[in-house]
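> Once you've had a glance at the structure underneath, I'll fire off some questions.
The values are calculated or read from the model by the stated rules, or taken from the named source; none is laboratory data. Predicted model only: the values in this text are computed from it and were never measured. Note that each Cβ is placed from the backbone with ideal geometry, even for glycine, and that neighbours are counted across all protein chains shown.
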Amino acid sequence: MAAVVKWVAKLQSSIAKTRTFLSRYAAAEFESRKAEWFPSQEDYDYVKSCMVKVHEVGKIANWLAPPHQGIDNKPFEFEYVRFH
């Protein structure tokens with residue numbers, strides 16, 4: 001029984017060391033490759049340049065797809081909200 005307890009303790013110690021190594025490796029891997037995985041400032045600037053406001057009736061921003069059908073089968077150009 002004592003041998004099993006020693007073996008389990010040794011196994012747990014080995015697992016803990018492996019987890020520590022992997023967490024350090026994962027952190028280093030993340031830091032070295034995060035530029036590949038996340039958008040850059042240039043990407044953010046490009047997306048922001050595409051997002052231009054459109055206030056004209058019947059027009060839609062170029063970064064949105066027009067709906068196939070309006071609400072309650074009304075046309076896309078229907079004036080859903082009226083500003084006075």
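> Can residue 65 be described as modelled with pLDDT under 80 and surrounded by fewer than 10 Cβ atoms within 10 Å (Cβ to Cβ)?
Taking the combined requirement at face value, the residue does not satisfy it.
> Same structure, new question: Tell me yes or no: at least one residue of segment 45-60 is surrounded by 10 or more Cβ atoms within 10 Å (Cβ to Cβ) and of a type in the set (Ser, Thr, Tyr).
So far as segment 45-60 goes, yes, one or more of its residues are surrounded by 10 or more Cβ atoms within 10 Å (Cβ to Cβ) and of a type in the set (Ser, Thr, Tyr).
> To continue, here is another question. Identify all residues within segment 16-39 that are under 30 Å from residue 62 (Cα atoms) and either in contact (Cβ under 8 Å) with a residue 40 or more places away in the chain or surrounded by 10 or more Cβ atoms within 10 Å (Cβ to Cβ) (or both); write none if there are none.
Residue satisfying the conditions is 39 alone.
> Here's something else I'd like to know. Name the residue, out of 76, 83, 38, that is aromatic (Phe, Trp, Tyr) and modelled with pLDDT of 80 or more.
Selected residue: 38, the only one of 76, 83, 38 that is aromatic (Phe, Trp, Tyr) and modelled with pLDDT of 80 or more.
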